[in-house]
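Below you'll find the structure, written out as structure tokens, and then a few comments.
The values are calculated or read from the model by the stated rules, or taken from the named source; none is laboratory data. In this text, all values refer to a predicted model and were calculated from it rather than measured experimentally. In this analysis, Cβ positions are derived from the backbone assuming ideal geometry, glycine residues included, and neighbour counts consider all displayed protein chains. Calculation scope for accessible area: heavy atoms of the full protein, side chains included, ligands and nucleic acids excluded. Shrake-Rupley method; radii C 1.70, N 1.55, O 1.52, S 1.80 Å.
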Amino acid sequence: MVFLKEVQLGNNSYFFLFYSIQNEKFKPYIRYIGKKKPNTEYLNSLKKKFLKDVKSNPELFEKKQKKNVIIMLQEIQENEGYISEENIIRLSKEINIPATHIYGVLTFYTYFRFNPPGKYNIAVCNGTACHVKNSVSLIRYIENILDIKVNETTKDKKFSLGSVNCIGACAKAPAMMINNTVYGDLDEEKIKKILDGLE
């Protein structure tokens, strides 16, 4: 039987389809639907497709569940600003996936944060074009002047620092993004001036 389940995390609700098979052990299959509850007609079509996908190739579908979890975690971070331990544990219980699996996904992708972001969220690009132009040394420079490491936030909650694979500004390498603003052709002097100019 396929059923819809609502999971409440923080101030937001998330909807999943669940289907379980009782073989040698209890196996839940899930599909993340989104933050909006589907109407009856759409829900019925989602259930049919979900059931068909699981039954046609359960092993393949099981592998695809990782993608479901990633999408879910991305939305949680978008809404909450970060992934809290409380949200990880609750999500683990609600969708019957071990917390260690969720932690594994979170630690594999540098995009995810475990702490609330600062007022200014700095994302330094470390893609090929930026890496070739010494983005690593610029990250170290920012760490030194802010006295934090990558994926940390300053004590006054003003700055948080991250490293990302690409921000789509290769022509301006080395580059970084602060909140939604891209800064390119960076060097230490330019970075210091940018950060000093943020109130």
Of every hundred units of 1.4 Å-probe accessible area on the chain, the number belonging to carbon and sulfur atoms, as a percent, is 50 percent
Averaged per residue, what accessible surface does the chain expose to a 1.4 Å probe, in Å²? 60 Å²
Extension length gain for residue 75 and residue 144 (0.36 nm per residue less Cα distance), in nm, is 21.7 nm
Check the straight Cα-Cα distances from residue 93 and name the aspartates and glutamates below 20 Å, setting aside those fewer than 8 residues away within the same chain. 6, 62, 75, 80, 85
Just subtract the alpha-carbon distance of residue 119 and residue 37 from 0.36 nm times their residue separation and send over the number in nm, one decimal. 26.3 nm
Amide H of residue 33 versus every other amide H placed in the peptide plane: which residues, excluding those fewer than 5 positions away on the same chain, fall under 5 Å? 15, 16, 17
So the FRET efficiency between residue 188 and residue 11, C-beta based with R0 = 41 Å and rounded to 0.05, is 0.55
Residue separation between residue 66 and residue 171 times 0.36 nm, minus their alpha-carbon distance, gives in nm 34.5 nm
I'd like the distance between the alpha-carbon centres of the stretch 124-184 and the stretch 40-88, rounded to an integer number of Å. 31 Å
Phi to ³J(HN,Hα) by Karplus 6.51 cos²θ - 1.76 cosθ + 1.60 over the stretch 81-96, Hz, x for Gly, Pro: x, 6, 10, 7, 4, 4, 5, 5, 5, 5, 4, 4, 5, 5, 9, 6
The list (i) 1.25; (ii) 1.08; (iii) 0.96 gives values of Cα Rg over 2.2 N^0.38 Å, and only one came from this structure; which label was calculated from it? (i)
Can you give me the long-range amide H partners of residue 151? Hydrogens built in the peptide plane at 1.01 Å from N, cutoff under 5 Å, separation of 5 or more residues or another chain. 161, 162, 163
Interchain or sequence-distant (5+) residues whose placed amide H lies within less than 5 Å of the amide H of residue 120 are 159, 160
